[in-house]
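Take a look at the structure set out below.
The values are calculated or read from the model by the stated rules, or taken from the named source; none is laboratory data. Quantities reported herein were computed from a predicted structural model and do not represent experimental measurements. Cβ: placed from backbone, ideal geometry, glycine included. Neighbour counts: every protein chain shown.
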Amino acid sequence: MSKLQTYHPTRDVWNLSDEIGRFFWGLGSPRESEREAGFSWTPAVDIVEDKEGLKLHAELPGLKREDVKINIRDGVLTLQGERKFQDEKKDDNYYRIERSYGMFARSFTLPKTVDLDKIRATMKDGVLELSIPKKPEAKEREVQVEVH
């Protein structure tokens, strides 16, 4: 009995990137370590910085807040969870399955200027938003210098 495998069209590109990384730097890519750990998809993430701090937006369609785990360890923020294939029925004949399912994990090293105790997360319409404020001493400030 053969096992059904999910086809990932970008897998060849990732493999090429990994090979180039090993050739030049002797290292694998982060995606390689994620695949080796059994993670089957990688949600898209945008990170924006302003004067108040960082905003991280992760696309997690179909997930609820209880499906996502967020933790910080040694200055590294990690998002992880799993999107399960819900609609499987024995009598259905799927012609194409393009959406990714399975476990995911994304990790980001946070700058020392952020206030880890004040990070807040919200989830709305399949988008996770993390608000990561800067420490007060790290925020830009303007000082007026009087000329004598």
Could you please let me know if Ala105 is modelled with pLDDT of 80 or more, touching a Phe, Trp or Tyr at 6+ places or on another chain (Cβ under 7 Å) and under 18 Å from Leu128 (Cα atoms)? yes
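Please find, among Glu59, Glu98, the residue that is at pLDDT 70 or above, over 25 Å from Pro133 (Cβ atoms) and charged (D, E, K, R).
Values: Glu59 fails: over 25 Å from Pro133 (Cβ atoms).
After ruling out the rest, the residue left standing is Glu98.
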Residues located in the range 113-148, provided they are of a type in the set (Lys, Arg), in a strand (DSSP E or B) and touching a residue at least 40 places away in the same chain (Cβ under 8 Å): Lys134
Find all pairs meeting these conditions: Cβ atoms under 9 angstrom apart; at least six residues apart or on different chains; first residue within the range 97-112 and under 13 Å from Pro43 (Cα atoms) and not assigned by TED's automatic domain parsing to the domain that holds Asp67; second residue acidic (Asp, Glu) and surrounded by 14 or more Cβ atoms within 10 Å (Cβ to Cβ). none
